[in-house]
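J.: Encoded as structure tokens, here's the structure I'll be asking about.
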Amino acid sequence: MAEWTEEVTQVAGSNLAIIKGGTGKPLLVLHEELGHPGWLTWHAALAREHTLLIPIQPGLGKSAKIDWLRNIHDLAMWYSWAFREKDLFPIDVIGFSLGGWIAAEMATVNPRQFRRMVLVAPMGIKPPEGEILDIFSITARTSLSYSVYDQDATSEYNKLYGGERTPEQFEAFEDARTENTRLAWEPILNNPVLSHFLEGVTGLPTQIIWGREDATVPVSAAEAYRKALHNTDVKATIFDHCGHRPEIEKSSEFIKLVREFLA
Amino acid sequence: MHMMYFTERPYRDVPEEEVIRNRSFFGVPNTFYDPEVGARYYNEYIDEAIYAEELGFDAIMLNEHHGTPFCMGAVMNVEAAILARVTKKARIVLLGNPLPVLKHPLRMAEELAMIDLISKGRLVPGWVRGAGSEQIFNNANPAYNREYFNEAHDVVIAAWTRPGPFRWEGKHFNYRYINPWVLPYQKPHPPIWIPGVISPETVIWCAEHRYPYIGLGTALHSTVELWNLYQQTAAQEGYVAGPENFGYLQQIHVSDTEEKAQQEGKAALFGGGAANFSRPEWTLPPGYNSKEATRRLARQATEYGFLGITSEKLAEQRGERRDPNEPKGHTRERLMRGEVSIEEAKQKIYAQYQKAQDGLQIVIGTPKTVIPRLKLILEVLRPGVMGLFQAQGPLTTEQRMNSIRLMGQEVLPALREIAKGLGIVDPFERQPGSRQYIAGTQLDPLVDLDALKRAPKRDESVRV
């Protein structure tokens, strides 16, 4: 039996593809800036206790592009509309990198949309130390190579990205990069008002997860997120010897942490 | 035929190994910039333009690039404003202002109107999308490049032609009060020409607007295809395209003897030439090209690492067999991996010299030997506008001035005679788009296909 299915439905005036897999309490998964990376070990592990719902960002894969959206905040507003229409709220959410930024924006729109929130190395806040990597002025391959601390020790990285990819696969990356360039080119992968609005978030238990050696979004942003969310119950966990992808770099620790948090 | 003099105005004192090490002219650290050198070159390039006018060129063409020693025209309108005053009768042709990256089309309308007024109507403005690297340098969202281009163009034309004051509320530009107190000298506005390298979208857009299209040294065979596309679009728009709708730019270096010319002309390959203008990831930032163009390029690119795909993978996809003993990857890719030295990379670059001449990427010689090659280009393309582009690279001031002198005194008169014999008219002799197309009538041939048969096939992997 297939572990997951993909369905395209009409919602909020557009067509949205959602990947669905697992059993149990629904968990909304907001994927990273290069799109849904495929069904990984952590997906399978969490799918034992949760029904994973992975919307494919508009403009990527089978989801229609929504031309009138102009930035990540707009996209968060649209997702709020779409999932409200699908009657998914309140729901647990986990967001990765740019997907984490979208989740944080959605929380500022209405924290009651979520039950519990996990942010994995989210973009969206300008780090107090270091800079968010300008993924738009390097190739997808280069940005991927920066995204993990130790490629050789990260078996799932090699499985997904280590081998030679085909032009078709790179075209999918390029579609994702084009759409996110459109939405997040300036300011560079952050929203200067987000940290202020996050102060208004209450009653939403939040787990922040970061790799100390993250070369895409510097770890200093973890503390900035934690501070901004001071009016809600928030905890930050930093993994050592880990880059931007704790879900594959520290897979078992990551799975344990998320399962316990969402239990 | 309208004859233009053009130079990229290169910063010629940059260390070549720095360009090669950086694998691109764009992005060479400006710690190598010497203001004394900059000051000297800016003034010399103005002197060159004045000299070209004295020698009989009809126009001085300028261009604009940012963040690169390849071209010093970072703010081309400043140079154009000076030329407006110090030249007497030459047209000032700007090919072109990179509208999407400049972000303030109303300001552009004002600057250009001032240049047109100071020159008493000698301005020919043109627009470009800006190279990919310029989207990065100017922080212009590449995914909106085409939209910015179209809307900025419409703002400029409106500012020049619509009685003010009026409001502009567009998708990307908003102005509450457009009422410039500077309007162009030429009415309804200066003639607009558009330069291009390969994009069919641009050719169609030009034809729809009846703007002449200037091919920037593109291979003759693909230029013919693009011009045919222009002609088809023109017919749909109800007019006949002719030589007045087209121009061509050719890189050239001329000297007194063949030996000297060949020795000096190598400068055009300095630092890798145009092939090293910028790295693939800067040339094509996400969204800069249409989805279709990206798909096409992903399968055609011979450059290393386009989109991150290696040249080996592309070759495999195309079913090409590779010699297992052949080193893997493009020279620049191997340079990045430290598998070749800068000296070896340099040798690879200069080994292309003869091929670049064979494919007419660059024409080098004495007046006697360059004229037949330029004649062939005129015969094939029949362009109403012809630009002679002084070769790039670290030539001395004397070598450049001598080349310009020989172009003006010997090449120019010969080309004018040839063009006359071919019945080529320019955009000032016949208004582009002024001849009505009557459906079903036979069109005059736009290009000479027999002459094209005599033209050499270009190796597209060689770029100068």
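J.: Examine region B:164-175 for a residue that is crowded, with 20+ Cβ neighbours inside 10 Å and either touching a Ser or Thr at 6+ places or on another chain (Cβ under 6 Å) or over 30 Å from B:Phe389 (Cα atoms) (or both), and state whether such a residue exists. Don't jump to the end; show me each part of the working.
T.: Restricting attention to region B:164-175, the residues satisfying the condition of being crowded, with 20+ Cβ neighbours inside 10 Å are none.
Checked region B:164-175: no residue is crowded, with 20+ Cβ neighbours inside 10 Å and either touching a Ser or Thr at 6+ places or on another chain (Cβ under 6 Å) or over 30 Å from B:Phe389 (Cα atoms) (or both).
J.: Here's a follow-up. Which numbered condition trips up A:Asn158, out of (1) assigned to a loop (DSSP other than H, G, I, E, B); (2) more than 9 Å from every other protein chain (Cβ to nearest Cβ)?
T.: That leaves (1) as the condition not met.
J.: Which pairs turn up if I take residues in region B:133-150 that are more than 9 Å from chain A (Cβ to nearest Cβ) and free of Cβ contacts under 8 Å to residues at least 60 places away in the same chain and look for partners that are surrounded by fewer than 20 Cβ atoms within 10 Å (Cβ to Cβ) and not in a helix (DSSP H, G or I) with beta carbon separation below 9 Å, at least 6 apart in sequence or on another chain?
T.: Close Cβ pairs satisfying both conditions: B:Glu147/B:Lys171; B:Glu147/B:His172; B:Tyr148/B:Lys103; B:Tyr148/B:His172; B:Tyr148/B:Phe173.
J.: Could you list, in sequence order, all residues of region A:135-146 that are touching a Leu at 6+ places or on another chain (Cβ under 8 Å) and part of a loop (DSSP other than H, G, I, E, B)?
T.: A:Thr139
J.: Something else: So which residues in region B:108-119 are in contact with a Phe, Trp or Tyr (Cβ under 6 Å, 6 or more places away or on another chain) and part of a loop (DSSP other than H, G, I, E, B), if there are any at all?
T.: Hits for region B:108-119: nothing passes.
J.: Suppose we keep only residues that are polar (S, T, N, Q) and part of a loop (DSSP other than H, G, I, E, B) within region A:224-251. Which one would you say is surrounded by the most Cβ atoms within 10 Å (Cβ to Cβ)? Quick ask: steps written out before the conclusion?
T.: Going through region A:224-251, the residues polar (S, T, N, Q) turn out to be A:231-232, A:237, A:251.
With part of a loop (DSSP other than H, G, I, E, B) added as a condition, the list becomes A:231-232.
Details: A:Asn231: 14, A:Thr232: 18.
Ranking the candidates gives A:Thr232 first.
J.: How many residues are at negative phi and either of a type in the set (Gly, Ala, Ser) or free of Cβ contacts under 8 Å to residues at least 40 places away in the same chain (or both) when one looks only at region B:107-128? Before you say what the answer is, go through the steps one by one.
T.: Pass one, region B:107-128, residues at negative phi: B:107-119, B:122-128.
With the extra rule that they be either of a type in the set (Gly, Ala, Ser) or free of Cβ contacts under 8 Å to residues at least 40 places away in the same chain (or both), the set shrinks to B:107, B:109, B:111, B:113, B:115, B:118-119, B:122, B:126.
Summing the residues that are at negative phi and either of a type in the set (Gly, Ala, Ser) or free of Cβ contacts under 8 Å to residues at least 40 places away in the same chain (or both) in region B:107-128 gives 9.
J.: So which residues in region A:119-143 are surrounded by fewer than 23 Cβ atoms within 10 Å (Cβ to Cβ) and within 14 Å of chain B (Cβ to nearest Cβ)? I'd like the intermediate steps shown before the answer.
T.: Our first condition is that a residue be surrounded by fewer than 23 Cβ atoms within 10 Å (Cβ to Cβ); within region A:119-143, this holds for A:126-134, A:137-138, A:141-142.
Passing the criteria: A:Leu133, A:Asp134, A:Ser137, A:Ile138, A:Arg141, A:Thr142.
J.: Now for a different question. Collect the residues in region A:49-58 that are touching a Ser or Thr at 6+ places or on another chain (Cβ under 9 Å) and either crowded, with 19+ Cβ neighbours inside 10 Å or modelled with pLDDT under 95 (or both), keeping them in residue-number order. Before the answer, list the steps.
T.: First pass over region A:49-58, keeping only residues touching a Ser or Thr at 6+ places or on another chain (Cβ under 9 Å): A:49-51, A:55-58.
A:His50, A:Pro55, A:Ile56, A:Gln57, A:Pro58, listed by residue number.
This table checks each residue for (1) within 29 Å of B:Thr366 (Cβ to Cβ); (2) touching a helix residue (DSSP H, G or I) at 6+ places or on another chain (Cβ under 6 Å); (3) free of Cβ contacts under 8 Å to residues at least 24 places away in the same chain.
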| residue | (1), (2), (3) |
| --- | --- |
| B:Val182 | no, yes, no |
| B:Gly196 | no, yes, no |
| B:Glu201 | no, no, no |
| B:Ala207 | no, yes, no |
| B:Glu225 | no, no, yes |
| B:Gln236 | no, no, yes |
| B:Glu244 | no, no, no |
| B:Gly247 | yes, no, no |
| B:Ser255 | yes, yes, no |
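J.: Enumerate the pairs (first residue in region A:1-19 and farther than 10 Å from A:Ile56 by Cα; second residue anywhere and outside any strand (DSSP E or B) and among the acidic types (Asp, Glu)) with beta-carbon separation below 9 Å, excluding pairs fewer than 6 apart on the same chain, so at least 6 apart or on different chains.
T.: Listed by first residue and then by second, the contacts come to A:Val11/A:Glu85; A:Ala12/A:Glu85.
J.: Shifting gears a bit: Within region B:243-302, take every residue that is crowded, with 22+ Cβ neighbours inside 10 Å, at the interface with chain A (Cβ under 10 Å from one of its Cβ atoms) and of a type in the set (D, E, K, R) and give me the one that is farthest from the chain's Cα centre (by Cα).
T.: B:Glu281
One line per residue, one yes/no per condition, for (1) under 30 Å from A:Asp87 (Cβ atoms); (2) over 17 Å from the mean Cα position of the chain (by Cα):
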site: A:Trp101; (1), (2): yes, no
site: A:Ala107; (1), (2): yes, no
site: A:Pro122; (1), (2): yes, no
site: A:Thr154; (1), (2): no, yes
site: A:Asn158; (1), (2): no, yes
site: A:Glu171; (1), (2): no, yes
site: A:Arg182; (1), (2): yes, yes
site: A:His196; (1), (2): no, yes
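J.: Also: Might you check whether a residue that is modelled with pLDDT of 95 or more, surrounded by fewer than 16 Cβ atoms within 10 Å (Cβ to Cβ) and β-branched (Val, Ile, Thr) occurs anywhere in region A:28-44?
T.: no
J.: Further, regarding this structure: Hey, which of the helices (runs of 4 or more DSSP H) in region A:22-130, taking only ones fully inside, have at least 3 residues that are of a type in the set (Gly, Ala, Ser)?
T.: Values: elements: A:41-46, A:72-85, A:98-109.
Correct list: A:72-85, A:98-109.
J.: Another question, if that's okay. Counting only residues that are polar (S, T, N, Q) and under 21 Å from the mean Cα position of the chain (by Cα), how many does region B:19-57 have? Spell out how you get there, then give the answer.
T.: Filtering region B:19-57 down to residues polar (S, T, N, Q) leaves B:22, B:24, B:30-31, B:43.
Still in the list and also under 21 Å from the mean Cα position of the chain (by Cα): B:24.
Count: 1.
J.: So which residues in region B:428-447 are touching a Lys or Arg at 6+ places or on another chain (Cβ under 7 Å) and not hydrophobic (A, V, I, L, M, F, W, C), if there are any at all?
T.: Selection gives B:Pro432, B:Gly433.
J.: Tell me the residue from B:Leu374, B:Leu335, B:Leu360 that is touching a strand residue (DSSP E or B) at 6+ places or on another chain (Cβ under 9 Å), in a helix (DSSP H, G or I) and buried (at least 19 other Cβ atoms within 10 Å of the Cβ), please.
T.: On the way: B:Leu335 fails: touching a strand residue (DSSP E or B) at 6+ places or on another chain (Cβ under 9 Å); B:Leu360 fails: in a helix (DSSP H, G or I).
It is B:Leu374.
J.: Would you list the helices (runs of 4 or more DSSP H) that sit entirely within region B:167-283 and hold 1 or more residues that are closer than 30 Å to B:Glu333 by Cβ and either modelled with pLDDT under 95 or aromatic (Phe, Trp, Tyr) (or both)?
T.: Hits in region B:167-283: B:200-209, B:220-237, B:280-283.
J.: To continue, here is another question. Of all residues in region A:59-83, how many are surrounded by fewer than 19 Cβ atoms within 10 Å (Cβ to Cβ) and of a type in the set (Phe, Trp, Tyr)?
T.: 2
J.: Here's a follow-up. Of all residues being in a loop (DSSP other than H, G, I, E, B) and at the interface with chain B (Cβ under 7 Å from one of its Cβ atoms) in region A:167-192, which is surrounded by the fewest Cβ atoms within 10 Å (Cβ to Cβ)? Just the residue, please. Give the steps one after another, and end with the answer.
T.: Restricting attention to region A:167-192, the residues satisfying the condition of being in a loop (DSSP other than H, G, I, E, B) are A:185-189, A:191-192.
Those still in the list that are at the interface with chain B (Cβ under 7 Å from one of its Cβ atoms) too: A:185-186.
On the way: A:Trp185: 22, A:Glu186: 11.
In this case the residue turns out to be A:Glu186.
J.: Okay, next question. Just to be sure I understand, how many residues within region A:84-114 are within 26 Å of A:Gly24 (Cβ to Cβ) and crowded, with 24+ Cβ neighbours inside 10 Å?
T.: 12
J.: I'd like to know if region B:386-400 contains one or more residues that are part of a strand (DSSP E or B), among the aliphatic types (A, V, I, L, M) and either over 25 Å from B:Val124 (Cα atoms) or at pLDDT 95 or above (or both). Even if it seems obvious, please write down each step before you answer.
T.: Our first condition is that a residue be part of a strand (DSSP E or B); within region B:386-400, this holds for B:386-390.
Then drop every residue that is not among the aliphatic types (A, V, I, L, M), which leaves B:386, B:388.
Remaining after also requiring either over 25 Å from B:Val124 (Cα atoms) or at pLDDT 95 or above (or both): B:386, B:388.
Yes - at least one qualifying residue is present in region B:386-400.
J.: Further question: Among the residues of region A:252-262, is there at least one that is farther than 30 Å from B:Asn138 by Cβ and part of a loop (DSSP other than H, G, I, E, B)? Give the steps one after another, and end with the answer.
T.: Let us first name the residues in region A:252-262 that are farther than 30 Å from B:Asn138 by Cβ, namely A:252-262.
Checking the rest, the ones that are also part of a loop (DSSP other than H, G, I, E, B) come to none.
No - not one qualifying residue is present in region A:252-262.
The values are calculated or read from the model by the stated rules, or taken from the named source; none is laboratory data. These numbers were taken from a predicted model, which means no experiment stands behind them. When we count neighbours, we look across all protein chains shown, and the Cβ atoms used for this are built from the backbone with ideal geometry, even at glycine.
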